[in-house]
Amino acid sequence: MEMIQNILVYAILGAIQGFSEPIPISSSGHLVIFKSIFEKFGWFFPSTDITFEVLVNTGSLVAIMFYYRKDIIRLLTSFFTYMFNDQKRKQTLPDFRYCMLIIVATIPAAIGGVLFNDYIETAFSNVKLVGCTLLITSIFLMIIHVYGYKGKRKTKNLNLWDALRMGCFQLVALLPGISRSGSTITGGMLGGLEQQAARDFSFFMFMPVSFGAIILKLKDFVASPTLATLWLPYFIAFIVSGVVTYFALHLLFAFLNKRKMNVFSIYCFIMGLCALLVL
């Protein structure tokens, strides 16, 4: 009976992560909020930490990589072709340049993740902080809704300043409650990128940072005493997270195309107030 309960609860957590990873409402912030809600009402809530988030985050990573699988193959092929085939350097230069911009964009979050890892982990137990950061996310999303669609620059026009600016937004999004997708897309669109160019680069930025987080926490995850008893609920959370992420990605793109990001802004504002005033 306990195993069934664990499976159900972890599946719910996986769904929360999967939906709120691409959707700009902060997956990490929602895990903190739901933990507080469960504890407030005396409901069962498993002992989760940043290691568990890395697990379900991996499910989201797999889903996002599957969505962009053709682009990933093309970019990697072009990157190494440019490096080792002089005759094809000219034709592979745009994709090689795009890869280098992704690397540049991940540097701020990579450095911040290493230097401030302990502070970030502490933030995962502070629901009031999440309330404040969700209000910040709400502001980001409303800025996109009002001002973000004026940009006309396409993917081929991405430059170093775009990469650094979006990378700094991704650094801020290490805090739970700050939506990674919401903040980085904001940084891209306010810099003059059209929404498709900003959103695609945002998710390509997510991939290496997510890989880095997995590597950073892999030792702790393997050594976790709960892994032996909770491997099945963990596995189900991983699968659910990946499946839900894939469909949520399509939903985000639909809202971006329809210019309806204010819906998520209002939601984050309400959740932020609830976290501050109720939880």
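The values are calculated or read from the model by the stated rules, or taken from the named source; none is laboratory data. It should be emphasised that the depicted structure is a prediction, and the values quoted were computed from it without experimental measurement. With ideal geometry, Cβ positions are generated from the backbone for all residues, glycine too; neighbour counts draw on all protein chains shown. Ligands, DNA and RNA are stripped out before the accessible areas are found, and what is left, the full protein with its side chains, is counted by its heavy atoms. Shrake-Rupley method; radii C 1.70, N 1.55, O 1.52, S 1.80 Å.
I'd like the orientation of helix 2-20 relative to the chain: the angle between its Cα long axis and the longest Cα principal axis, in ° from 0 to 90, rounded to 10. Computed tilt is about 30 degrees. In loop segments of the range 135-230 as defined by DSSP, the trypsin sites (Lys or Arg not before Pro) with at most 16 further C-beta atoms inside 10 Å of their C-beta are Lys152, Lys154. Share of pairwise Cα-Cα distances greater than 22 Å in the range 113-231 is 43 percent (whole percent).
Determine one quarter of the surface area of the Cα convex hull of the chain, which equals its mean projected area, and express it in nm² to one decimal. Over every viewing direction, the Cα hull of the chain projects on average to 14.9 nm². When the inverse distances between all different Cα atoms of the range 47-192 are averaged and flipped, the Kirkwood radius reads 17.1 angstrom. Cα convex hull, the range 113-177: 88 Å³ per residue, rounded to a whole number. How far is helix 262-277 tilted off the main Cα axis of the chain, in degrees rounded to 10, range 0 to 90? The answer is roughly 40 degrees.
Here the average projected area of the convex hull drawn through the C-alpha atoms of the range 206-254 stands at 4.1 nm².
For the chain, the share of accessible area belonging to carbon and sulfur comes to 70 percent (1.4 Å probe, ligands and nucleic acids excluded). Taking the chain as the reference, fit the longest principal axis to its C-alpha atoms, fit the long axis of helix 180-190 to the helix C-alpha atoms, and give the angle between the two in degrees, 0 to 90, nearest 10. Result, in degrees: 30.
In the context of the full set of protein chains, the chain has a per residue accessible area of 49 Å² (1.4 Å probe). With 28 Å as the limit on Cα-Cα distance, the pairs of Lys88/Lys217; Lys70/Lys90; Lys40/Lys260; Lys152/Lys260 that go past it are Lys88/Lys217; Lys40/Lys260.
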